[in-house]
1. Hey, can you tell me all the residues within region 57-112 that are of a type in the set (Ser, Thr, Tyr) and touching a strand residue (DSSP E or B) at 6+ places or on another chain (Cβ under 8 Å)?
2. Quick one: ILE81 ticks every box in (1) within 13 Å of the ligand (Cβ to nearest atom); (2) outside any helix (DSSP H, G or I); (3) surrounded by 19 or more Cβ atoms within 10 Å (Cβ to Cβ) bar one, so which box is it?
3. Quick one: is SER189 farther than 25 Å from ALA96 by Cα, polar (S, T, N, Q) and either within 21 Å of the chain's Cα centre (by Cα) or crowded, with 21+ Cβ neighbours inside 10 Å (or both)?
4. Hey, among ARG255, ARG293, which residue is modelled with pLDDT under 95 and not assigned by TED's automatic domain parsing to the domain that holds TYR204?
5. Which number in (1) surrounded by fewer than 10 Cβ atoms within 10 Å (Cβ to Cβ); (2) under 23 Å from ASP186 (Cα atoms) marks the one condition that PHE279 misses?
6. Please pick out the residue among PHE169, PHE227 that is of a type in the set (Phe, Trp, Tyr) and within 25 Å of GLY120 (Cβ to Cβ).
7. Looking only at region 32-52, how many residues end up being without any contact (Cβ under 8 Å) to a residue 40 or more places away in the chain, surrounded by fewer than 16 Cβ atoms within 10 Å (Cβ to Cβ) and farther than 17 Å from PRO260 by Cβ?
8. Can you pull out the residues in region 246-271 that are surrounded by 12 or more Cβ atoms within 10 Å (Cβ to Cβ) and either among the hydrophobic types (A, V, I, L, M, F, W, C) or in a loop (DSSP other than H, G, I, E, B) (or both)?
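The values are calculated or read from the model by the stated rules, or taken from the named source; none is laboratory data. Keep in mind the model is a prediction, meaning the values are calculated, not measured. Neighbour counts are summed over all protein chains in view; Cβ atoms, including those assigned to glycine, are modelled from backbone coordinates with ideal geometry.
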Amino acid sequence: MGTAIPLVTRVKSKLADLRSSTLRLLLSDFVLFRAAILLVRYLKVGSYAQRVRLGAVKRPHYAYCVYHAAALAKRLGYERISVLEFGVAGGTGLLALEEHARNISRELEIDIDIYGFDSGCGLPALKDYRDLPYHWKAGFFRMNEEALVSKLTMAKLVLGDVSETVPRFVSEYKPAPVAAVMVDLDLYSATDHALRLFDCAEAYRLPRIFCYFDDITGDEAELYNDFTGERLAIREFNERHSTVKLSKAYHLTTRRRVEPWYYQIMVLHDFSHSRYNDFVSRENQQLPLKARRGE
Ligand SMILES: C[S@@+](CC[C@H](N)C(=O)[O-])C[C@H]1O[C@@H](n2cnc3c(N)ncnc32)[C@H](O)[C@@H]1O
């Protein structure tokens with residue numbers, strides 16, 4: 001017959017277990033890293049470029065695209081670029097873009113214009129299964145235009161259905177070359193219309209454009225896949241074009257720490273763009289033969 005452990009001893013041992021697992025969690029690499037990132041973000045330690053690299057900024061995925069778009073434009077000698085958000089809703093993303101643009105513009109000495117595309121009245125009528133009606137409904141994400149406009153300092157709102165605003169955007173706004181695009185329209189039909197912006201004359205586009213797609217990963221309710229939603233629009237875009245392709249950002253997914261949003265970044269490559277082959281990398285890529293010890 002086993003000896004019964006007194007209740008007090010059992011409670012004490014449970015508490016000790018709990019304390020050590022909480023302590024372990026607090027000291028875990030992951031939690032320490034997140035805490036350090038929050039500290040860097042709120043104390044604004046280092047340059048904006050350094051904070052973007054660490055992900056220690058608001059919406060790091062937006063910042064990443066704007067920063068690298070501006071850096072590429074700068075290396076190519078552009079003085080001004082445009083950054084677009086497709087799908088604005090309440091405007092939190094557009095306001096974050098303004099903050100990134102202000103900081104990056106100052107650090108890299110390049111002008112950045114921002115445009116936000118939205119119907120203003122939320123998701124339009126869904127067309128068919130490709131718009132994922134099991135997840136979205138018409139009218140979701142209505143914008144409070146007055147409230148948003150009162151907060152915006154530089155971004156321009158391009159209001160109306162993207163099937164109408166995208167085809168006339170370039171002739172109406174004569175934008176600086178598009179360098180980064182955030183796509184958050186949710187629906188296949190709307191994303192299909194938005195991606196047609198990349199068919200504009202090359203004077204309005206950089207040879208490579210940093211893009212973020214909000215709805216290509218998701219959860220078990222969304223179940224995004226290659227045959228519906230934003231993923232289908234991307235696939236069809238690539239099928240329609242032989243020299244312009246949206247490609248995954250492989251370089252991000254090989255970083256030591258991989259953030260979920262790395263899988264949502266894609267880069268538009270226009271191989272036929274007259275500036276596509278311009279050298280923008282490190283000048284000195286020589287690999288000297290190292291002498292062996294003792295030589
Ligand atoms: C999820 S919300 C965008 C959220 C926003 N990016 C943010 O970060 O807060 C999607 C938006 O796409 C817009 N939208 C969807 N289809 C559209 C279309 N065909 N034309 C214009 N806007 C559209 C909706 O009005 C909605 O505001």
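1. TYR62, TYR64, TYR78, SER82, SER105 - these are the residues of region 57-112 that are of a type in the set (Ser, Thr, Tyr) and touching a strand residue (DSSP E or B) at 6+ places or on another chain (Cβ under 8 Å).
2. Failing condition for ILE81: (1).
3. In short, yes.
4. ARG293
5. Among (1) surrounded by fewer than 10 Cβ atoms within 10 Å (Cβ to Cβ); (2) under 23 Å from ASP186 (Cα atoms), the lone unmet condition for PHE279 is (2).
6. On the way: PHE227 fails: within 25 Å of GLY120 (Cβ to Cβ).
Only one candidate qualifies: PHE169.
7. Within region 32-52, residues that are without any contact (Cβ under 8 Å) to a residue 40 or more places away in the chain, surrounded by fewer than 16 Cβ atoms within 10 Å (Cβ to Cβ) and farther than 17 Å from PRO260 by Cβ number 11.
8. The answer is LEU246, ALA249, LEU252, GLU259, TRP261, ILE265, MET266, VAL267, LEU268, PHE271.
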